1. What is the distance in Å between the Cα centroid of region 326-382 and that of region 92-111?
2. Nearest 5 is fine: what % of DSSP beta bridges in the chain come out antiparallel, could you say?
3. Between residue 173 and residue 96, 0.36 nm times their residue separation minus their Cα-Cα distance comes to what?
4. Once R0 is set to 35 Å, what does the formula 1/(1 + (r/R0)^6) return for the Cβ-Cβ distance between residue 251 and residue 144, expressed as a FRET efficiency to the nearest 0.05?
5. Helix 79-90 against the longest principal axis of the chain: what's the angle in degrees, Cα atoms only, rounded to the nearest 10?
6. Between helix 242-251 and the chain, what is the angle of the helix's C-alpha long axis to the longest principal axis, kept within 0 to 90° and rounded to the nearest 10?
7. At residue 306 and residue 233, where each label point lies 7 Å from the Cα along Cα→Cβ, what is the point-to-point distance in nanometres?
8. At 0.36 nm per residue, and after removing the present C-alpha to C-alpha distance, how many nm does the segment from residue 12 to residue 395 gain when stretched out fully?
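Just so it is clear, none of the values below were taken in a lab; they were calculated from the coordinates. Since this is a predicted model, take the numbers as computed values, not measurements. Ideal geometry is used to build each Cβ from the backbone, glycine not excepted, and the neighbour counts take in all protein chains shown.
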Ligand SMILES: *Cc1c(COP(=O)(O)O)cnc(C)c1O
């Protein structure tokens, strides 16, 4: 069959909805216009123009990670590729790894470490709770771990490892390299790479940063870099080899053709964070998430996680008995044009509070859509009480 009839397809206009859904799920999140515009450009991946862009992206990423590290890099790929880059470079066959698990993404780090031959011990934190440093210390005493993997916020279970700082400091005392996934949390809440003793920090574009999916950021500490430079075992991944990536990110030389449009988008996303400042951005996220949580509870619904361990960047909601989370989401999508997330297999709902999701107009619309959809699907909710509480918390400044 040489030159068969070309396939019959429809244009994108026929596939894409006339009014895009407001994306209030677990990512990707809406992006600012300047980010979208930057993402529409293509420039040469090498040369003076790109070099200036790269230098600024690194400078701004250092601010967002709160690090002075000389080993900040972008990754062409999802946050998972940045996770894999951290793991593949720091874990060698036989390296003892302690993986702190609170759900899907933290388990993914453990699986990645196993795949490169790491000797991995998984610690599952109690359900609906973050990890406690006292328990981690007990584990560290039992074996000589070299690497610890942990998430700041576990998007899947909506649990916040609020004692991450203590866990990082502890890990350092026991001579471990700390690999921290800050994909959903970065720029929504505090994260100080150098101060806390993080050795590899990972983020994606499509969550807290409000950029596009598929272009991610990673930074290695000096400790981590020394380890990478002196490792003996071969690196199986060519694209994810940090030493090769360093050629592009720090020596203006070729590694692979960088995703220029996505890097331009990231540049704008980071620049907007700088304009807002980190403290300003943390405050906006804290107030919006608190207002949303208050509104949900005042409506008569229960939040999945107790306040102590509750993640602010992604809020989990228990769906009342007799109501289907999928049906509620369907009504929100089709009638209100608001998309929120379910959870892989569980009857819960999750609403994102990352980047552009944390805007007052977006949370009003989302809470209203949630309340009416619940009612339509048989849930007993007091929508006016919920909206009033949302308004009250916003007005009181959290
Ligand atoms: C979304 C997410 C990831 C994975 O991001 P991808 O871009 O889908 O690879 C990893 N960790 C956390 C905490 C996340 O929220």
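1. 32 Å
2. 50 percent
3. Working: separation 77, 0.36 × 77 = 27.72 nm, distance 1.60 nm.
Length gained between residue 173 and residue 96: 26.1 nm.
4. Values: r = 35 Å, r/R0 = 1.00.
Plugging the Cβ-Cβ distance into 1/(1 + (r/R0)^6) gives 0.50.
5. Around 30 degrees separate the two axes.
6. Once rounded, one gets 90 degrees.
7. Computed distance between label sites residue 306 and residue 233 equals 4.0 nm.
8. Values: separation 383, 0.36 × 383 = 137.88 nm, distance 4.17 nm.
Contour length minus Cα-Cα distance gives 133.7 nm.
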